[in-house]
Amino acid sequence: MTPLLLDGKVAAAALLDFLKPLVETLDPKLVVIQVGDDPASSSYIKQKVKSCEKVSMRSEHIHMPSDTTIETLMQKIDELNNDEDVTGFFVQLPLPGQLSGHEPEIIKAISPMKDVDGFGAYNLGKMFLSKEFEHLPPATPSGIIRLLEHFDIEIEGKHAVVVGRSNTVGKPVAVMLLNRNATVTICHSRTKNLSEITKQADILIAAVGKPKMITADMVKEGAVVVDVGIHRTDDGLCGDVDYEGLQSKVSAISPVPGGVGPMTVSSLLRNCVTAKERQMELR
Ligand SMILES: NC(=O)c1ccc[n+]([C@@H]2O[C@H](COP(=O)([O-])OP(=O)(O)OC[C@H]3O[C@@H](n4cnc5c(N)ncnc54)[C@H](OP(=O)(O)O)[C@@H]3O)[C@@H](O)[C@H]2O)c1
């Protein structure tokens with residue numbers, strides 16, 4: 001049987017439709033800082049700006065040269081923190097060489113009220129309390145949950161296995177699944193007998209960063225698979241999952257491209273709207 005396609009373009013369009021009237025009323029503004037000219041970053045920023053245009057959200061792309069110093073970048077962050085017209089902003093990662101070691105202090109410098117990427121300790125910490133405290137959750141984990149919810153995939157009581165434990169994807173999505181009453185197992189590079197664990201998953205989230213690493217022999221018959229990975233290869237884009245190989249085995253699967261990617265972008269915009277709602281409450 002053909003598995004259900006967890007189509008991120010469809011689910012993201014539904015979320016953008018929901019956001020449009022809110023944007024009209026609240027008039028939030030999203031700012032993205034890019035340092036240098038990483039082509040993948042430029043392409044992600046283009047998609048984010050395009051999605052802003054779809055919902056008529058104001059956006060600004062601040063492009064700084066690749067030799068920008070940490071002092072200059074911190075000064076820009078300070079300016080944006082104090083600019084009342086800016087609802088939310090983020091620094092597109094990865095950063096060029098001289099700044100890459102500074103990522104933790106850069107993330108820390110962004111006001112928690114404007115941290116629409118949800119990477120800061122305040123917003124991550126709140127998620128640990130309960131679902132109700134997921135104020136500005138990181139965009140990719142939030143997008144994964146919305147993708148499952150859009151296609152009515154039940155989470156409660158299911159065994160969810162997350163492969164990957166990064167602070168931006170693996171760990172927060174595991175917490176969000178737990179907040180929705182899944183039983184969660186997190187795997188990583190030191191996990192022994194990985195396939196024995198992935199084969200137990202009702203819901204498998206692949207956030208490994210290795211092209212097509214999750215193969216058919218690693219999944220249970222009827223599992224729901226969400227592929228977070230994105231890789232540019234000579235044959236085009238692919239994910240962390242062997243998409244073709246899994247077709248005859250799984251009940252639902254997200255494609256790459258067109259799966260988690262559009263959900264990440266629309267969830268970022270959702271966070272910008274939420275941030276504006278909170279800022280107005282506090283004023
Ligand atoms: N579509 C989107 O919007 C979107 C957004 C963000 C990321 N991504 C993609 O998602 C993927 C993951 O991103 P990330 O930022 O979480 O990557 P990351 O920071 O590199 O983390 C990768 C994780 O996978 C684990 N891992 C690596 N090799 C493994 C193996 N052989 N077996 C089991 N676990 C293994 C690592 O374990 P250790 O912790 O032990 O090293 C780590 O926890 C990447 O392809 C990235 O490009 C897509």
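Laboratory data are not the source of any read-out in this text; all were calculated from the coordinates shown. Keep in mind it's a predicted model, so treat the numbers as computed, not measured. Here Cβ is always computed from backbone atoms with ideal geometry, including for glycine, and neighbour counts include all displayed protein chains.
Things worth noting here:
- Charge dipole (debye, nearest 20) of the chain; +1 at Cβ of Lys and Arg, -1 at Cβ of Asp and Glu: 480 debye
- Neighbourhood net charge (11 Å Cβ-Cβ; Lys/Arg +1, Asp/Glu -1) for V55: +2
- Reachable aspartates and glutamates, given that their alpha-carbon falls under 15 Å from the alpha-carbon of K29 and they are not under 8 places away in the same chain: E53, E60, E79, D83, E84, D85, D115, D117, E277
- Two-site FRET efficiency, M74 against A216, from Cβ-Cβ distance with R₀ of 51 Å, rounded to 0.05: 0.60
- Amide H partners (placed H, <5 Å) of I214, local residues excluded: V241, D242
- Crossing angle, helix 170-179 versus the chain [Cα axis fit, 0-90 degrees, rounded to tens]: 80 degrees
- Label-point separation, Q47 to F18 (7 Å along Cα→Cβ), nm: 2.0 nm
- Helix-derived mean residue ellipticity, 222 nm - over the chain, DSSP H n ≥ 4, -39500 (n - 2.57), to 500: -13000 deg cm²/dmol
- Karplus 3J(HN,Hα) series, Hz, for the range 226-234 with 6.51 cos²θ - 1.76 cosθ + 1.60 (x for Gly, Pro): 10, 9, 8, x, 9, 9, 8, 10, 4
- Ordering of 51-61, 134-144, 101-111 by burial proxy (mean other Cβ atoms within 10 Å per residue, highest first): 134-144, 51-61, 101-111
- Karplus-derived HN-Hα couplings along the range 210-221 (A = 6.51, B = -1.76, C = 1.60, θ = phi - 60°), whole Hz, x at Gly and Pro: 10, x, 6, 6, 8, 10, 4, 5, 9, 10, 7, 3
- Counting charges near A12 (Lys, Arg +1; Asp, Glu -1) among other residues having Cβ under 15 Å from its Cβ returns a value of +3.
- The Cβ shell under 13 Å around M213 holds other residues with a net charge of -2, Lys and Arg each +1, Asp and Glu each -1.
- Per-selection Kirkwood Rh - the range 1-104 (Cα, Å, 1 d.p.): 15.5 Å
- Cα shape, the range 108-175, gyration tensor, a/c 1.5 rule: prolate
- Considering only C272, N82, M176, the residue lying farthest towards the positive end of the dipole of the chain is M176, judged by Cα position with unit charges set on Cβ.
- Most simply put, the chain has about 10% antiparallel DSSP beta bridges, counting only bridges with both residues inside it.
- Taking the longest Cα principal axis of the chain as reference, the axis of helix 70-82 is set at about 80 degrees.
- Computed from the C-alpha gyration tensor, the three semi-axes of the ellipsoid equivalent to the chain are 32, 21, 18 Å, from longest to shortest.
- For the range 131-215, fraction of C-alpha pairs farther apart than 21 Å, in %: 24 percent
- Rounded Å value of the spacing that divides the Cα centres of the range 1-75 and the range 217-276: 18 Å
- Most positive-pole-ward Cα, V49, S100, P65, against dipole of the range 26-111 from beta carbon charges: V49
- Along the range 35-45 the Karplus relation, 6.51 cos²θ - 1.76 cosθ + 1.60 evaluated at θ = phi - 60°, assigns HN-Hα couplings of 10, x, 10, 4, x, 5, 4, 4, 5, 5, 5 Hz to successive residues, with x for each Gly and Pro.
- Under 30 Å of direct C-alpha separation, and excluding same-chain neighbours fewer than eight residues apart, K249 reaches these lysines: K9, K158, K171, K192, K199, K210, K212, K220.
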